[in-house]
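What follows is a short report on a single structure.
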Amino acid sequence: MRKIILLTVGLFATVVSTVSTEGQPDTSADARLRALYTEEWNWRQIEMARGPGAGDRFPRVDAASQETRLAYWTRTLATLDTIPFDQLSSEEKINAQIFRTSLRALVSDIHYRTYEAPFNSDTFFWTDFTPRQGFANAAAYRSYLARLRDVPRYFDEQIANMRAGLARGYSVPRVAVLGRDKTIEPYVKGDNSNPLYAPFADLPASIPAAEQDALRAEAAAVLRDTIVPAYSKLLTMMREEYLKKWHEENDARLAREAMVETSVSYSGPHFDDIAPHLANFFNAVRSRKPVVEDVVFGHNAALACHMANESYFRGNTVRWDAASRTIKG
């Protein structure tokens, strides 16, 4: 959902300025809002190393840079509060609400230092810049190579964040931790099987042969001297620090208290975490019989997530009060 919000902000941030029919700057609520979200969006593109001319580097993700962003977005929220909402047009009221939601999410993430767990079950900072295809010209390839040279600095900042998260007992959930080190392995290879070398396998014919050879040679050197050491360092950290400490702190915790529960299970002929669930659902559609994971199951699953969030934000244990159907601390 957050990506959709950011995209929407980007769409309405294309408006640059508003001038009244008399030729004077427009100080209406609409104009002030447009100026604010346009300024913020342009700042964000530079700060997060996005857009034209930003392909040769990664954003800074160290704690000091995060605090700088927090201060900027907090000021922007304060400025947004000074724009009278009731004076906005219907369209800009929608933009203001989206903009405020986006800013609050960004501020919240930094306030709770979620950047100290910089990966999840399907998105990893060490793979999300892997090209899906080649580039249009030699300049784009050189920009890509410059970005690869920035990998060690970028990874070092991410590693420092991960260590800070571990130090305060903050890490990603178990499902996002186990086996994720395997996704790093292809990148420690120094030959053309490395995923980051893929764009050089088939360069555009518009690039002269001699320049193609030079680009491939440069890419091989960057892989050997920059990429492989950086990924090897990350892999070692993941296995010898992150995963090891996660197991030490969480595996033992699971058995500290006995759990009393009533469960209903459904098993298919083969072990699979998807097929039995789908089979049960489709059979229920055909037969009109209730599914195993019914509304109550969904409620309890969501409730556990809400309780975990409440416990984290309150900094204390919480419990479910079935009588009042509320979470209490």
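The values are calculated or read from the model by the stated rules, or taken from the named source; none is laboratory data. As the structure is a prediction and not an experimental result, all values here were calculated from the model. Don't worry about glycine lacking a Cβ; one is built from the backbone with ideal geometry, like all the others, and counts go over all protein chains shown.
Among the residues making up the stretch 41-58, a single one is touching a residue at least 40 places away in the same chain (Cβ under 8 Å) and either under 16 Å from the mean Cα position of the chain (by Cα) or closer than 26 Å to residue 80 by Cα (or both): 58. If we keep just the residues of the stretch 57-69 that are surrounded by fewer than 16 Cβ atoms within 10 Å (Cβ to Cβ) and more than 17 Å from residue 117 (Cα to Cα), which is modelled with the lowest pLDDT? Once the filter is applied, the top-ranked residue is 57. Of all the residues in the stretch 208-223, those that are surrounded by fewer than 17 Cβ atoms within 10 Å (Cβ to Cβ) and assigned to a helix (DSSP H, G or I) number 10.
Out of curiosity, is residue 160 farther than 19 Å from residue 122 by Cα, in contact (Cβ under 8 Å) with a residue 60 or more places away in the chain and in the same structural domain as residue 212 (by TED's automatic domain parsing)? Yes: the conditions hold for residue 160.
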